[in-house]
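Have a look at the structure below before the remarks.
No lab work stands behind these numbers, since they all come straight from the coordinates. A quick note: this is a predicted structure, and the numbers were derived from the prediction, not measured. Note that we place each Cβ from the backbone using ideal geometry, even for glycine, and neighbour counts take in every protein chain shown.
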Amino acid sequence: MRKADVIAGITAKTGKEKEPTETIVDALFKVVQSSLVNGEDVFVRGFGTFLVKKRAAKIGRNITKNTAVKIPETHIPAFRPGDDFKNKVKMAVKEQAA
């Protein structure tokens, strides 16, 4: 599903026009992105949490030269689904498998 599909789904469920819906979706993504850049987690009750995770520094391998390479610590955006969200997905997968 792409952003255009999300916008189409919202317009179908709400009956609102595409242009204002697209503006709202764009604003939502910008707010989430700027919050994460500023070090703030974004918690949406019943859905989940957008957060920044720290990946620790580690030693990797350059397989062409067979040498150790130090990979520095980095920070990445992540999503942690809420319990309700996880349970709905589990139930849907169970029903599809049956």
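When the chain is treated as a GNM, springs tying every alpha-carbon pair under 10 Å, which of Lys18, Lys53, Lys30 comes out with the largest mean-square fluctuation?
Maximum among the listed residues: Lys18.
Just to confirm the filter: which chymotrypsin sites (Phe, Trp or Tyr not before Pro) across the chain are DSSP coil and have at most 16 other Cβ within 10 angstrom of their Cβ?
For chymotrypsin sites (Phe, Trp or Tyr not before Pro) across the chain that sit outside H, G, I, E and B with at most 16 neighbouring Cβ atoms in 10 Å, the list reads Phe47.
So what is the calculated 222 nm ellipticity per residue for the chain, using -39500 (n - 2.57) for each DSSP H run with n of 4 or more, over all residues, to the nearest 500 deg cm²/dmol? Present the calculation step by step, with values, prior to reporting the outcome.
Values: 3 runs with 47 residues, N = 98.
Result for the chain, helices only: -16000 deg cm²/dmol.
Name the residue, out of Ala57, Ala68, Ala27, whose mean-square fluctuation peaks in a Gaussian network model built on the chain with Cα pairs under 10 Å.
Ala68
For Lys90, what charge total do you get from the other residues with a beta carbon under 12 Å from its beta carbon, if Lys and Arg give +1 and Asp and Glu give -1? Let's see the in-between values first.
Details: positive: Lys86, Lys88, Lys94; negative: Asp83, Asp84, Glu95.
Result for the neighbourhood of Lys90: 0.
Determine the sum of side-chain charges near Glu22: Lys and Arg each +1, Asp and Glu each -1, restricted to other residues whose C-beta is under 14 angstrom from that of Glu22. Write out the running numbers ahead of the final one.
On the way: positive: Arg2, Lys3, Lys16, Lys18, Lys30; negative: Asp5, Glu17, Glu19, Asp26.
Once positives and negatives cancel, what remains is +1.
Under 8 Å for C-alpha pairs, at least 6 residues apart: give me the relative contact order for segment 3-97, rounded to a whole percent. It would help to have the intermediate numbers written out before the result.
Values: 98 pairs, mean separation 19.4, N = 95.
It comes to 20 percent, rounded to a whole number.
What's the exposure ranking of Ile24, Ile63, Ile76, going from fewest to most Cβ atoms within 10 Å?
Working: Ile24 13, Ile63 7, Ile76 10.
The fewest-first ordering by Cβ neighbours comes to Ile63, Ile76, Ile24.
For a quick check, take a GNM of the chain with Cα springs below 10 Å and name the residue from Gly60, Gly46, Gly82 with the largest mean-square fluctuation.
Fluctuation is largest for Gly60.
Roughly how many nanometres apart are two label points built 7 Å out from the Cα toward the Cβ at Val69 and Lys18?
Those two pseudo-labels are separated by 4.4 nm.
Describe numerically, in nm with one decimal, the distance between label points set 7 Å from Cα along Cα→Cβ at Ile76 and at Gln33.
Here the answer is 1.9 nm between the modelled labels.
Projected area of the chain, taken from the Cα convex hull and averaged over every viewing direction, in nm²?
Details: hull surface 42.3 nm².
Computed as one quarter of the Cα hull surface, the answer is 10.6 nm².
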